[in-house]
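Written out below as structure tokens is the structure these notes cover.
Derivation of every value follows stated rules applied to the coordinates shown; laboratory data play no part. All of these numbers come straight from a predicted model, not from anything done at the bench. Note that we place each Cβ from the backbone using ideal geometry, even for glycine, and neighbour counts take in every protein chain shown.
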Amino acid sequence: MTAVTLSELRAAVSGAVITPDDSEWDAARLFHSGIGLPTAIVRPASLADVRAAVMWAAASGSPVVVRGGGHGPWGSVPGGLTVDLGAFTSVDVDIDADGALVRVGGGATWGDVARTLAPRGLGISSGDTASVGVGGLTLGGGIGWMTRAWGLTIDQLVGAEVVTAAGDLVEVSSDVEPDLFWALRGGGGNFGVVTRFDFRAHELPAVVFATMTIEGDARPVITALAEALVDAPRDVTVTYMDVPPMDPSAPAGATITACWANDDAGAARAVLGPIAESPGVSSFDIAVQAYPDILLDMPAYDPAAPMPGFVGGNTLLPVLDEIAIDRLVAFREDHPASVVLLRSLGGAFGDVPPETTAFAARDATWFAMAGAFDLPGLLSDDERAAIVAEWSAIESLGVGVYGNFTTSTTEDWVPRMYPPATLARLSAVKRSWDPGNVFSRTHNVAPA
């Protein structure tokens, strides 16, 4: 970029434009999960600024990187224009004839949303981390703590405000620009800058949150968990996680955590208590909590101690059977510096027909992730190859992968995320709304 074109960008927006020549550059290019080297960072102060920034990017051939919560990997890809939505963090609640409509700014985090809704006795199914951005999680689908009760985050989305690649401001819903609305629900950040999300909230006075500690062979308790979730009430969503001491986001060891989407502790205990009696469960704690209090606080990126690489992946399993359980537990046993995670799906998640949104894998009943941390000197090439082979055997049991749970920026993820018919439809929508592929810094769907 030349000084002239950057000067034109500065003249076009009222918010800050930060470049490597500015004193605040090093601080500005830090985001929650990394450090970037974009061409420039713009902090729009208004919708007009967002539109001007996108038009500038399109005219200059610069791909747009949208920053909300900053948990995605795309900010670390060199070049491009980072559009930081830090000024768009409002959370407004309107009560109408259909219930509670929550309008959320594209730069808000799920912690912002939960803290605003909890005093009103309301909730939206989000991820499990307070600092995760509303935008990234929603556009990728949104697996969270109320998935079995209420579905994905996109299943609660009823409208959005989008700045398109042409710089137009478009309102979308199931009735207005329905193809674009369909694509936004699971198609990632391919179609524009979403400056506002409109959700229908649910009544949520509190949640019941339970934690079980697992010791020894986890196979029996995971089997009991899988069997219990087949016909368990939709109020419950559970997570199994086994992490090494080196993972800063969770305590070491194997645990089951469960969220019951209301404050009925007796009902929750009746369902979870039998699971807690399974062999290997060494402790069981259960209590009513405010929803914001169960969201995790993930430490921000520290340039002095960057996160290790990750070799593995995730998949959406149609069934958590003996084969899947054994492969996942064996993976953790074989690789000391590895992590395994499972989260229950089904329930309301599976009620949605696969063609309704761009998140088509509605026949999945569990989400699974496994991988080994790759520190300098820890893994040999042969060990990496063995990990990839083991993971591939696990992924082969699934019906797709979840883009929000990968740190990879390689193109090979996209056909693994979408069935051919879904990907073809996304490509057609992309051709209509972003034929120049301005929004390519995402799991990129190429225009048809």
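Assorted remarks:
- Evaluating kT/(6 pi eta Rh) at 4 °C and 1.567 mPa s, with the Kirkwood radius of the chain over Cα pairs in the Stokes-Einstein relation, gives 58 µm² s⁻¹.
- Helix axis angle, 219-229 relative to the chain longest principal axis, alpha carbon, degrees: 70
- Comparing Asp374, Asp22, Asp264 in a Gaussian network model of the chain, where Cα atoms under 10 Å apart are tied by springs, the biggest mean-square fluctuation is seen for Asp22.
- Cβ-based exposure ranking for Ser62, Ser23, Ser392, in which fewest neighbours within 10 Å come first: Ser23, Ser392, Ser62
- For region 289-357, the alpha carbon convex hull comes to 204 Å³ per residue, rounded to a whole number.
- The angle between the Cα long axis of helix 322-334 and the main principal axis of the chain comes to about 80°, on a 0 to 90 degree scale.
- Degrees, to the nearest 10: 420-433 long Cα axis against longest axis of the chain: 20
- Using the Cβ-Cβ distance between Leu378 and Asp26 with R0 set to 22 Å, the FRET efficiency works out to roughly 0.15.
- In region 207-405, Cα pairs under 8 Å separated by at least six residues give a relative contact order of 26 percent.
- Translational D in µm²/s for region 3-84 (Stokes-Einstein at 20 °C, 1.002 mPa s, Kirkwood Rh from C-alpha pairs): 172
- Projecting the alpha carbon convex hull of region 390-441 along each direction and taking the average yields 4.3 nm².
- Computed over region 3-84: relative contact order in percent, which uses C-alpha pairs under 8 Å that are six or more apart: 34
- If you wrap region 207-405 in the convex hull of its Cα atoms and look at it from every side, the mean projected area works out to 11.9 nm².
- Converting phi to 3J(HN,Hα) with the Karplus coefficients 6.51, -1.76 and 1.60 and the offset θ = phi - 60°, region 24-33 yields 8, 4, 4, 6, 5, 7, 6, 10, 4, 10 Hz in sequence order, with x at every glycine or proline.
- Fraction of alpha-carbon pairs over 15 Å apart in region 237-311 - percent: 67
- Percent RCO, i.e. relative contact order, over the chain, from Cα pairs under 8 Å lying at least 6 residues apart: 16
- Gap separating the Cα centres of region 347-400 and region 266-283, nearest whole Å: 27
- Computed from point charges on the beta carbon alone (+1 for Lys and Arg, -1 for Asp and Glu), the dipole magnitude for the chain about its Cα centre is near 840 Debye.
- Intensity falloff of region 155-234 expressed as log10 I(q)/I(0), Debye formula with alpha-carbon point scatterers, at q = 0.20 Å⁻¹: -0.87
- Normalised by residue count, region 190-257 yields a Cα convex hull volume of 205 Å³ per residue.
- Extension gain from Asp285 to Ser174, taking 0.36 nm per residue of separation minus the Cα-Cα distance: 35.7 nm
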